[in-house]
Structures are given as C-alpha cells and as structure tokens.
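I have placed the structure first, in the form of structure tokens, so that the comments after it can refer back to it.
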Amino acid sequence: MAYSEKVMDHFANPRNVGEIENADGIGEVGNSKCGDIMKMYIKVDNNIISDVKFKTFGCGAAIATSSMATELIKGKTIDDALKLTNKAVMEALDGLPPVKVHCSVLAEQAIKAAVSDYYRNQGIDPEPIVGKQSDDCAHCHDCGEE
Ligand code: FES
C-alpha cells in the first residue's frame, strides 16, 4: 500500500515542528518496537491547548502522524486532546500501511505524556485523569499486528 497524499504532505511539510519555551507540559515517549522517539510541548490556557509543538526522531509515518495530531489538538480542550486516538489520527491522514500503524501510537502517547506533565506541574496526580502510561500495545487501536 502506498502512502496517501495527506501522509506525504504532512511528512514533507510537518506542522508545528519545534519546541515551546516555558511549555506548560512536555512529554517524551519512545516506540518500543523501533526505538524512535517523540517529544511534545504544550501550552495550556484555561484548560485549552493554546499551542503545541513536537520533535520526532523517527520515521516518516511518525512525523506525519505527529504533525496531524498536533493540528487536531490545537485549540481543543485537554479532555478532547486526551480522547484523540491513533486511529482517529490515521483516519485524518486517509490511512497508513499496516506495518506503519504502530508509528501512529507515538503521537497519541506523547499527547498523554505532555498532559500528564502539565498536571504534575500543577500539583495534580495525572493518573486518575490520563490513565496509566505504558509503552506496550495497549493503546494501539486497530493495530492488526499480533
Ligand atoms: Fe519507528 Fe515508525 S518505524 S515510529
């Protein structure tokens, strides 16, 4: 299966790449399958993700999904951002080849890690809100791999 035009577009021109100085939350996650790493920075105002940036040391699919994920959560509430699944990101990109599905999980986990960091900075335990962070396949929806 070839990559969709949207994937190619977000890979070639990723949105929201970079860092945020004085970010309210920073999440760094690694993909246990390939070792690729993603770092996400969020700025939060009145429960809204007012800005988001990312850096991905990973494959093209990881860059494209990270880019699309930042576009999907920018301006949204934290609650909405936490509901974003890797599957929704893939759908927004018109799909990914099956072997690349795991790459999309990085973006979902990085959002959750950044939000957890934000809550910790506020002195709030993130686990009841965000859930337990793990790097196994538990968060990978519709993965299709064994
Ligand atoms: Fe590592 Fe895609 S191969 S994230």
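The values are calculated or read from the model by the stated rules, or taken from the named source; none is laboratory data. No experiment lies behind these values; they were computed from the predicted model shown. Side chains included, ligands, DNA and RNA excluded: accessible areas come from the protein's heavy atoms. Shrake-Rupley method; radii C 1.70, N 1.55, O 1.52, S 1.80 Å.
Percent of alpha carbon pairs in segment 8-146 separated by more than 26 Å?
Taking all Cα-Cα pairs of segment 8-146, the fraction more than 26 Å apart is 15 percent.
Per-atom-type breakdown for segment 1-66 gives carbon and sulfur 49% of the accessible area (1.4 Å probe, protein chains only).
Think of a 1.4 Å ball rolled over the protein heavy atoms: the chain then has 49 Å² of accessible area per residue.
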